[in-house]
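J.: After the structure tokens below, expect a handful of questions from me.
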Amino acid sequence: MENILHGLVTSLLPTEIYQHFSLISISNKSDGIEMRLEERSDLVPLELEGKESVVLDGFCNPLELLHFSFKGLPLYLKIYRRRWKESGSAKHYSNQYDLHPSGVKATYEFAAFLKGEVGCTPDEYVRFLLNTQS
């Protein structure tokens, strides 16, 4: 079953996302489908590599990106990056990823598709999908 799930995730998600994040849950919401992804816990930021007293310290604010629709509903990727610190310190560190075009709340692949093939923005596309469901 784990191989099937891994195959599904790698087929649905951009490489940059599935290489660094693990699928935690999938939820059906009234306005679409949400996949919660959390950064893998073995991806310690470069600034902390080799230090002995590194601890996880929660998550940064989530990033929500629109990706290709699934079952005729918008698919939202809710992405959580981990926060790290040295034990006893108040300074936090986190990894940075280039997951979406600047100013666009959609994955690179989906934003390019919408612009080139459909000629609309991600927000216009979501409104269209939700209106066709009514």
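J.: What's the ranking of 81-89, 116-124 by average number of surrounding C-beta atoms within 10 Å, highest first? Let's see the in-between values first.
T.: Values: 81-89: 16.4, 116-124: 12.0.
Result, highest mean first: 81-89, 116-124.
J.: Continuing with this model, one more query. Residues of region 13-27 with amide nitrogen under 15 Å from the 7 Å Cα-to-Cβ point of ASP98?
T.: Once the point is set 7 Å along Cα→Cβ of ASP98, 15-17 turn out to lie under 15 Å by backbone N, inside region 13-27.
J.: Please list log₁₀ I(q)/I(0) at q = 0.22 Å⁻¹ for region 34-89, using the Debye equation with identical point scatterers on the alpha-carbon positions.
T.: Once normalised to I(0) and log-transformed, intensities are -0.82.
J.: Going by average Cβ neighbours within 10 Å, how do the peptides 27-37, 6-16, 69-79 rank, with the highest at the top?
T.: 69-79, 27-37, 6-16
J.: If one computes P(r) from the Cα atoms of the chain, what percent of pairs lie at distances over 24 Å? Don't skip to the answer; put the middle values down first.
T.: On the way: 3423 of 8911 pairs.
Summing the P(r) of the chain above 24 Å gives 38 percent of all pairs.
J.: For LYS51, give me every one of the lysines with a C-alpha distance below 23 angstrom, ignoring sequence neighbours fewer than eight places off in its own chain.
T.: Filter leaves LYS85, LYS91.
J.: Counting Lys and Arg as +1 and Asp and Glu as -1, each charge on the Cβ, what is the dipole of the chain about the Cα centre in debye, to the nearest 20?
T.: 300
J.: Each residue of region 90-105 in order: what ³J(HN,Hα) in whole Hz does its phi give by Karplus 6.51 cos²θ - 1.76 cosθ + 1.60, θ = phi - 60°, with x for Gly and Pro?
T.: Going residue by residue, I get 9, 7, 9, 10, 8, 7, 10, 10, 9, 9, 8, x, 4, x, 10, 9 Hz, with x marking Gly and Pro.
J.: So, one more: Any chance you could give the angle, 0 to 90 degrees and rounded to 10, that helix 122-133 forms with the longest Cα principal axis of the chain?
T.: Compared with the principal axis, the helix lies near 50 degrees.
J.: As an exercise, use a Förster radius of 22 Å and the Cβ-Cβ distance of LYS105 and LEU5 to find the FRET efficiency, rounded to the nearest 0.05. Each step should come with its number before you reach the end.
T.: Numbers: r = 26 Å, r/R0 = 1.18.
Plugging the Cβ-Cβ distance into 1/(1 + (r/R0)^6) gives 0.25.
J.: By a straight-distance test (C-alpha under 15 Å), which aspartates and glutamates pair with LYS115 as possible cross-link partners, with residues fewer than eight away in the same chain excluded?
T.: Excluding near neighbours in sequence, the set is ASP123, GLU124.
J.: Quick one: angle between helix 2-12 and the longest Cα principal axis of the chain, in degrees between 0 and 90, rounded to 10, please.
T.: Roughly 60 degrees between the two axes.
J.: List the aspartates and glutamates whose Cα lies under 12 Å from the Cα of LYS78, skipping any in the same chain that are fewer than 8 positions away.
T.: In chain and number order, the partners are GLU34, GLU38, GLU39, GLU64.
None of the figures in this text is laboratory data; all of them are computed from the coordinates on show. These figures come from a predicted structure and were not determined experimentally. Please note: Cβ atoms are built from the backbone with ideal geometry, for glycine as well, and neighbour counts cover all protein chains shown.
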